[in-house]
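Computed from the coordinates by the stated procedures, all read-outs in this text should not be read as laboratory data. What you see is a predicted model; the values in this text were computed from it and never measured. Here Cβ is always computed from backbone atoms with ideal geometry, including for glycine, and neighbour counts include all displayed protein chains.
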Amino acid sequence: MAEVRVRFAPAPTGFMHVGNLHTALFNWLFARSQGGKFILRIEDTDELRFTPEAVQVIYDGLRWLGLDWDEGPDIGGPCAPYVQSERLAGYQETVQQLLDEGKAYECFCTPEELEERRELMRARGLPPRYDGRCGELDEAERQKFRDEGRASCIRFRVKQTGTTVINDLIQGEVAYENSLIADGIIQKTSGFPTYHLACVLDDEAMGITHVIRAVEHLPNTQLHLQLQEALGIQPPQYAHLPLVLGPDRTKLSKRHSAVSVVEYAEMGYLPEAMFNFLALLGWSPGDEQEVLSREEIIKRFSLEACSSSPSVFDLQKAEWLNGEYIAALAPEELAQRVLPFLVEAGLFEAEPSEKRMIWLGQVCNLMKERIKLLTTFTTWARYFFTDDYEYEDRAREKWLSREDTPDKLDMLADRLDALESWNVDSVEAAVRGLAEELEVGAGQVIHPCRAAVTGTTIGPSLFHLLEVLAQGDVVARLRRTAALGRAGQLRPRKHA
Ligand code: GLU
């Protein structure tokens, strides 16, 4: 088989939707699983035009997910240029060829005239579409319109009889009645090609073997196939990916969650978790396994295993997966990943020493099983980084507002202050020793201590977390909390 060549062909809207990234991922997976090429092409024929910023957004989104391209605007390649606005001459030449062969014609209808006629069709209960009027003009009539200074676009004459059959690798065989489509515009009045023409020509020029794109483009394929036939182009294979829906089964949009890739990065998703999550939208490895590495996904990926039915973007599942990936990271690696979030929150220095990074790794080791999003480090784990943390209501209610707590905390502070070595064992012995002396269960010291030192009632093993904090800080926190408790300042706020 010839080398697989696929492309991701976004418009530079300045925005990278998760739906776009999903399409990019499936193309990339197919290329990598087949040892083929993944090509990046910028489709800026909507007069959006290539701007460095808008294209950067595309690069950043792909890079964040780790999707590298083999040919593209920035790195070039044998089919350069990879930006459609730089290929205009070729499109215009083809349009001229189609005009010469009578397969396309100039259309002089104004937007107002078109709308008026559509209105009439609607009134008659017909589907509103172009009626082919300018296809009937003779040269004299066309010249008259030109002399009037009317602008013209170019329409492709579609077949009016029979059906166009698409043998889609994911959707199966889909047949469209030719009588249902109108003569499509291939060149706008501005002289720019439409998406349809540019896409068909570029797929051919770039040797694309498989067009993998969102199912919304399936109806366009009817026109694309007809264009290819008129131009004597061998069509690529088509594979239309199923829709990605929000949890309420409507098209994924801002109402459901963030839709821009950047927002997921900012929310604390790991790119490898998002990669895994997006791969499972519309593809399945065929068993129950859900946590799959990049390499495994590449190895097991196939278009045959893609589903034609819509998949649901379930944010809870994304969070769960992210938590699995966080838990599996080596603590030093996790430390690197959370650092930017901590710096942003003002909880850590931007250029920490090696020693501080090792310390951060210890914190990560304690928290990694409990965190689903990197951003949560700045909230749940805040007490590791600052004395300025909140005493939660539950901690106040259960422990900190109790009358006997301040004395216990002060006693514990004295014992911990006196320790000559600060480690899990010495801390544990001190805590348990106090409980014995007071003749209470260990929990009666452990829980108030946690509430005082972290402001919460849950978290990692107390002795391990105390070990990670500095002895002096722990002692000071215990004393401060005891004083606040005595002053009646740690009553639950909701009852205050
Ligand atoms: N520029 C089109 C889009 O972003 C590409 C569609 C295609 O892959 O053919 O939807």
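In segment 367-387, which residues are out of contact with any helix residue (DSSP H, G or I) (no Cβ under 8 Å at 6 or more places or on another chain) and over 14 Å from L342 (Cβ atoms)?
At the first step, the residues of segment 367-387 found to be out of contact with any helix residue (DSSP H, G or I) (no Cβ under 8 Å at 6 or more places or on another chain) are 370, 376, 379, 382, 386.
Within segment 367-387, just R370 meets the criteria.
Looking at E349, E295, E369, E397, which is the one that is acidic (D, E), over 28 Å from L484 (Cβ atoms) and in a helix (DSSP H, G or I)?
Testing whether each residue is acidic (D, E), over 28 Å from L484 (Cβ atoms) and in a helix (DSSP H, G or I) leaves just E295.
Take the conditions closer than 16 Å to F277 by Cα, in contact (Cβ under 8 Å) with a residue 24 or more places away in the chain, out of contact with any Phe, Trp or Tyr (no Cβ under 8 Å at 6 or more places or on another chain) and surrounded by 14 or more Cβ atoms within 10 Å (Cβ to Cβ) and apply them to I326. Does it pass?
Values: closer than 16 Å to F277 by Cα: yes; in contact (Cβ under 8 Å) with a residue 24 or more places away in the chain: yes; out of contact with any Phe, Trp or Tyr (no Cβ under 8 Å at 6 or more places or on another chain): yes; surrounded by 14 or more Cβ atoms within 10 Å (Cβ to Cβ): yes.
So I326 passes the test.
It is to be established whether one or more residues within segment 71-89 are away from the ligand (no atom under 14 Å from the Cβ), crowded, with 23+ Cβ neighbours inside 10 Å and closer than 21 Å to V211 by Cα.
yes
Taking helices (runs of 4 or more DSSP H) that do not extend beyond segment 91-210, which have at least 2 residues that are among the charged types (D, E, K, R) and buried (at least 20 other Cβ atoms within 10 Å of the Cβ)? Quick ask: steps written out before the conclusion?
On the way: elements: 111-123, 139-147, 195-205.
Where helices (runs of 4 or more DSSP H) fall fully within segment 91-210 and carry at least 2 residues being among the charged types (D, E, K, R) and buried (at least 20 other Cβ atoms within 10 Å of the Cβ), they are 195-205.
Mind checking whether some residue in segment 393-400 is among the aliphatic types (A, V, I, L, M) and surrounded by fewer than 14 Cβ atoms within 10 Å (Cβ to Cβ)?
no
So which residues in segment 177-212 are of a type in the set (V, I, T), over 19 Å from F26 (Cβ atoms) and near the ligand (Cβ under 10 Å from one of its atoms)?
V200, the sole residue that qualifies.
Given the criteria away from the ligand (no atom under 13 Å from the Cβ) and among the aliphatic types (A, V, I, L, M), does L67 qualify? Walk me through it before giving the result.
On the way: away from the ligand (no atom under 13 Å from the Cβ): yes; among the aliphatic types (A, V, I, L, M): yes.
Considered against the rule, which asks whether it is away from the ligand (no atom under 13 Å from the Cβ) and among the aliphatic types (A, V, I, L, M), L67 comes out as yes.
When the residues of segment 235-284 are filtered to those that are assigned to a strand (DSSP E or B) and among the polar types (S, T, N, Q), which remaining residue is nearest to the chain's Cα centre (by Cα)?
The extreme case among them is S260.
Could you check F275 against (1) crowded, with 20+ Cβ neighbours inside 10 Å; (2) farther than 17 Å from L62 by Cβ; (3) not hydroxyl-bearing (S, T, Y) and say which number it fails?
(2)
Within the group F15, F50, which residue is surrounded by fewer than 21 Cβ atoms within 10 Å (Cβ to Cβ) and within 12 Å of the ligand (Cβ to nearest atom)?
F15
Just checking, does segment 288-297 include any residue being touching a residue at least 60 places away in the same chain (Cβ under 8 Å) and in contact with a strand residue (DSSP E or B) (Cβ under 9 Å, 6 or more places away or on another chain)?
There is at least one residue in segment 288-297 that is touching a residue at least 60 places away in the same chain (Cβ under 8 Å) and in contact with a strand residue (DSSP E or B) (Cβ under 9 Å, 6 or more places away or on another chain).
How about segment 352-366: which of its residues are touching a helix residue (DSSP H, G or I) at 6+ places or on another chain (Cβ under 9 Å) and either assigned to a helix (DSSP H, G or I) or touching a residue at least 60 places away in the same chain (Cβ under 8 Å) (or both)? So that I can check it myself, show each step before the final result.
Quick first cut of segment 352-366, residues touching a helix residue (DSSP H, G or I) at 6+ places or on another chain (Cβ under 9 Å) only: 352, 357-366.
Selection gives M357, I358, W359, L360, G361, Q362, V363, C364, N365, L366.
Give me the pairs, please: first residue somewhere in segment 206-218 and of a type in the set (S, T, N, Q), second residue anywhere and within 11 Å of the ligand (Cβ to nearest atom), beta-carbon distance under 8 Å, and either six or more positions apart or on two chains.
T209/V6; T209/P236
Since P242 meets every condition but one in (1) surrounded by 21 or more Cβ atoms within 10 Å (Cβ to Cβ); (2) in contact with a strand residue (DSSP E or B) (Cβ under 8 Å, 6 or more places away or on another chain); (3) of a type outside the set (V, I, T), which condition does it not meet?
Condition not satisfied by P242: (1).
Picking from D407, D425, D387, which residue would you name as being surrounded by fewer than 16 Cβ atoms within 10 Å (Cβ to Cβ), part of a helix (DSSP H, G or I) and in contact (Cβ under 8 Å) with a residue 60 or more places away in the chain?
Numbers: D425 fails: in contact (Cβ under 8 Å) with a residue 60 or more places away in the chain; D387 fails: part of a helix (DSSP H, G or I).
When all the criteria are applied, what remains is D407.
Restricting to segment 18-39, name every residue that is within 12 Å of the ligand (Cβ to nearest atom) and more than 14 Å from the chain's Cα centre (by Cα).
Of everything in segment 18-39, those that are within 12 Å of the ligand (Cβ to nearest atom) and more than 14 Å from the chain's Cα centre (by Cα) turn out to be N27, I39.
Quick check on P340: is it of a type outside the set (S, T, N, Q) and part of a loop (DSSP other than H, G, I, E, B)?
Values: of a type outside the set (S, T, N, Q): yes; part of a loop (DSSP other than H, G, I, E, B): no.
So P340 does not fit the description; no.
Any residue at all in segment 222-230 that is more than 26 Å from the chain's Cα centre (by Cα), near the ligand (Cβ under 10 Å from one of its atoms) and under 29 Å from S152 (Cα atoms)?
Yes; the residues of segment 222-230 include at least one that is more than 26 Å from the chain's Cα centre (by Cα), near the ligand (Cβ under 10 Å from one of its atoms) and under 29 Å from S152 (Cα atoms).
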